[in-house]
Amino acid sequence: MNAVDVNHLTFSYNGLEAISDISFSVRQGTYLGIAGPNGSGKSTLIKNILGILRPQRGTVSLFGRRLDWFHQWDRVGYLPQRIAALDHHFPATVEEIVLMGGVNPGRAGLAHVLESLKIAHLSRRLIGELSYGQQQRTMLARALINRPELLIFDEPTTALDPETRDIFYSLTRKINQENNTTVILVTHDTGIIGQYAQQLLYLDKRVIFFGTFEEFCRSQEMTGFFGMGSQHLICHQHDEKKEKPL
Amino acid sequence: MPLSDLFHYEFVQRALLAGVLIAAGSSLLGVFLVLRRLSLIGDGLAHVTFGSVAVVILLGISPAYVTLAVLPLVIVSSVVIMKLTHAQRIHGDAAIGVVSSFGIAAGIILISLSKGYNVDLLSYLFGNILTVTQMELMLSAMVFVLVAASVIWFYPDLFAITFDEELARTMGKKTEIINTVLFILTAIAAVLAMKIAGIMLVSAMLILPPLAAMQLSASFKKTILASLLFSILSVICGMLLAFGLNLPVGGTIVMLNIVLLLVVLGIQKLRAFTR
C-alpha cells in the first residue's frame, strides 16, 4: 500500500507557479528524500501533502484516501522547518508541547519517547530555555508520540551543528528501519539524502528525477543535469552509507 | 463613610461582580491573543465599538441597550480582522489597523452627524463600571461561563493553534472553527470590557494580566491560571483603591495592572541577578 500518492499536483502563489504537474507515489516503509535548489517548491509540495495548502490542480492521497476525506492525522508526524512560537517567551514546558493537541500516550508512552530522544530530564523545562538542538528533539518527540506510520521532515536540521545533525539523521533512519515507518525528508543537501534515503525526488518546480539511488546513479540524463562530478559524489555517499552500521 | 459600607450598595456589588467576571473572561482570552501576537485586537475592536456606539446612538436606541446593540457590529468586525489576517498579503497587525481606522473614521463622521450626543459617546470612551445594569451583569456572567467553557473544551486545539497554526492543521485541528470562536468571544469580551475601562483601555484588560502571568509562568496551564488571578486581583484592589482615593475606577484598575506587571518584571530581574 502507498503511504502517499501525488497526482498531477500544481500550486501557484498569486499566479506564479511554485510547483507544476507533480506526480509520484511513496510505498509504505520507504525513506524518500526530496531535494532541490532554493525556491524549487519543496516546502510548497510538503504543505500540499499535509493539507496546509489546498491543491489548486491535481490530487493528494494519504494511505489511499484523498486528503478531503482523510481524518487519521495521528498516523502522520510532521517536523516543520521553523516554529513561530519557539522564542524565549512561549510559556510551555517540553511535556506540554510533546502532548500537544490532546494526545494521550500514557505516562509510560511519554517517558519512552522522551527517554529515547534523551530529553526526559528536560520534561518540566520551558521550551524557550532550551538550546536549538534540544528544541528540535522536543519537536521530534511531538512528531513521534503517536507512533506515526508516516513522518515528514521539512529541512529539520538547518541550524544544527554537523554532529547533532548526523545524530538526528541516524535517528530518522533507525525509526524507518526498525518500525517500518515511511519517512519523507526534505533538504537542499543532496549529499545528506544520498546517505540516508532509499529513493530520491529531485524537484525544480517540476519533477526532475524520481526513483531509487541506483536508478539515479545509472541515469545518463542525470549525468547531463548534475554533471558527472556531482552525480558521482551523491552516489558515492549513498554507497558509503550502505556499509555503515546503524 | 467607611470603605466597607460602600459594598452594601447594590450598584457597587453589581459593579464588582461584573468587573471580576469581565476581567477574568478577558484575561483567559488574552493569553491566546498575546501569544499569537494579536495583542492589539482589543484596541482595534475598541475603535470599532466606538463607531458602533455612534451608530446605535444615531439610531436613537436607548442607552440601556447600547451594549447589546453594538455586539453584532463588533462581532462582524472581529471576524473581518480574522479573515484579513489569513489573507496572504495582510499581516495580523495591519488587519487590525484597517478595521481600527474604519471604526474610528465611522465614529468621527457619525458624531458630526449626531450633534448633541457627544456627551453620551464620551462616557463610553472612558467607561463607568458603576453604571453596569442588571442585564449587563447577566451578560457578563454568561460571557464568562462561555469563555471558560470554551477554553476548557477547546484547550488542546487552542494550545496547538497558539503554538503553531500550520502544525495544528497537520494534527487535524479545525483551525478555522477554533479561530472563529476565539475572535467572536474576544469581540464580546471587548464590548463588555468597554463598560469597565472605557474604549480607550479595553486592550489593557486583554493584554496586561496575561503579560504579567507570562513573566512568572512555569507552564502554559499555570500561565492561564496566573492571568486569571491577576485580573481578578486588579479589579478588586482597583475598585477599593479608586473608592478610597476618589479616583476613576477604570483607570485605577488598568494602572494597578501595570503596577503588577512592573512588580513581576522586577522580581524576574532580581531572580536573574541572584542566579
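The values are calculated or read from the model by the stated rules, or taken from the named source; none is laboratory data. A quick note: this is a predicted structure, and the numbers were derived from the prediction, not measured. Note: ideal-geometry Cβ built from the backbone for every residue, glycine included; neighbour counts use all protein chains shown.
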task = Determine whether the range B:233-243 contains at least one residue that is under 17 Å from the mean Cα position of the chain (by Cα), touching a residue at least 40 places away in the same chain (Cβ under 8 Å) and within 14 Å of chain A (Cβ to nearest Cβ).
result = no
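Okay, residues lined up against (1) modelled with pLDDT under 85; (2) assigned to a helix (DSSP H, G or I); (3) at positive phi; (4) away from chain A (no Cβ under 12 Å):
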position: B:116; (1), (2), (3), (4): yes, no, yes, yes
position: B:119; (1), (2), (3), (4): yes, yes, no, yes
position: B:122; (1), (2), (3), (4): yes, yes, no, yes
position: B:137; (1), (2), (3), (4): no, yes, no, yes
position: B:143; (1), (2), (3), (4): no, yes, no, yes
position: B:147; (1), (2), (3), (4): no, yes, no, yes
position: B:157; (1), (2), (3), (4): no, yes, no, no
position: B:160; (1), (2), (3), (4): no, yes, no, no
position: B:182; (1), (2), (3), (4): no, yes, no, yes
inquiry  = Cβ-Cβ distance below 7 Å, separation of 6 or more or different chains: which pairs start in the range B:166-179 with a residue that is outside any helix (DSSP H, G or I) and end on one that is surrounded by fewer than 20 Cβ atoms within 10 Å (Cβ to Cβ)?
reply    = B:171/A:73; B:172/A:71; B:172/A:73
query = If we scan the range B:114-122, do we find a residue that is surrounded by fewer than 20 Cβ atoms within 10 Å (Cβ to Cβ) and either within 28 Å of residue B:35 (Cβ to Cβ) or among the aromatic types (Phe, Trp, Tyr) (or both)?
reply = yes
Residues (under 24 Å from the mean Cα position of the chain (by Cα) and at positive phi) located in the range A:96-148 = A:101, A:102, A:118, A:147
note = Filtering the range A:76-124 for residues that are more than 10 Å from chain B (Cβ to nearest Cβ) and touching an Asp or Glu at 6+ places or on another chain (Cβ under 6 Å) leaves a count of 2
key: Lone qualifier among B:42, B:30 - being part of a helix (DSSP H, G or I) and at pLDDT below 85   = B:42
ask   = List, please: which pairs have Cβ atoms under 6 Å, are six or more places apart or on different chains, and start with a residue in the range A:212-234 that is more than 16 Å from residue A:196 (Cα to Cα) and end with one that is of a type outside the set (Ser, Thr, Tyr) and not in a helix (DSSP H, G or I)?
value = A:222/A:209
note = Within the range A:83-109, of all residues that are in contact with a Ser or Thr (Cβ under 8 Å, 6 or more places away or on another chain) and of a type outside the set (S, T, N, Q), the one farthest from residue A:154 (Cα to Cα) is A:91
Condition met for residue B:224 (at pLDDT 95 or above, out of contact with any Ser or Thr (no Cβ under 6 Å at 6 or more places or on another chain) and in a helix (DSSP H, G or I)) = yes
query = Which pairs do you get when a residue that is under 14 Å from residue B:130 (Cα atoms), found in the range B:1-12, comes within reach of a residue that is at pLDDT 80 or above and among the β-branched types (Val, Ile, Thr), reach meaning Cβ atoms under 7 angstrom, with the pair 6+ apart or on two chains?
reply = B:6/B:12
query = Just to be sure, is residue B:195 surrounded by 21 or more Cβ atoms within 10 Å (Cβ to Cβ), out of contact with any Lys or Arg (no Cβ under 7 Å at 6 or more places or on another chain) and over 24 Å from residue A:148 (Cα atoms)?
reply = yes
ask   = If you go through the range A:167-176 one residue at a time, do you hit one that is buried (at least 19 other Cβ atoms within 10 Å of the Cβ) and among the aliphatic types (A, V, I, L, M)?
value = yes
request  = Pull up the range A:138-164, narrow it to residues that are in contact (Cβ under 8 Å) with a residue 24 or more places away in the chain and in a helix (DSSP H, G or I), then point me to the one that is farthest from residue A:93 (Cα to Cα).
outcome  = A:164
ask   = Based on what the data block shows, is residue B:37 out of contact with any strand residue (DSSP E or B) (no Cβ under 6 Å at 6 or more places or on another chain), within 14 Å of chain A (Cβ to nearest Cβ), of a type outside the set (A, V, I, L, M, F, W, C) and in contact (Cβ under 8 Å) with a residue 24 or more places away in the chain?
value = yes
task = Test residue B:210 against the criterion of being crowded, with 20+ Cβ neighbours inside 10 Å and either under 27 Å from residue A:129 (Cβ atoms) or more than 14 Å from every other protein chain (Cβ to nearest Cβ) (or both), and give yes or no.
result = yes
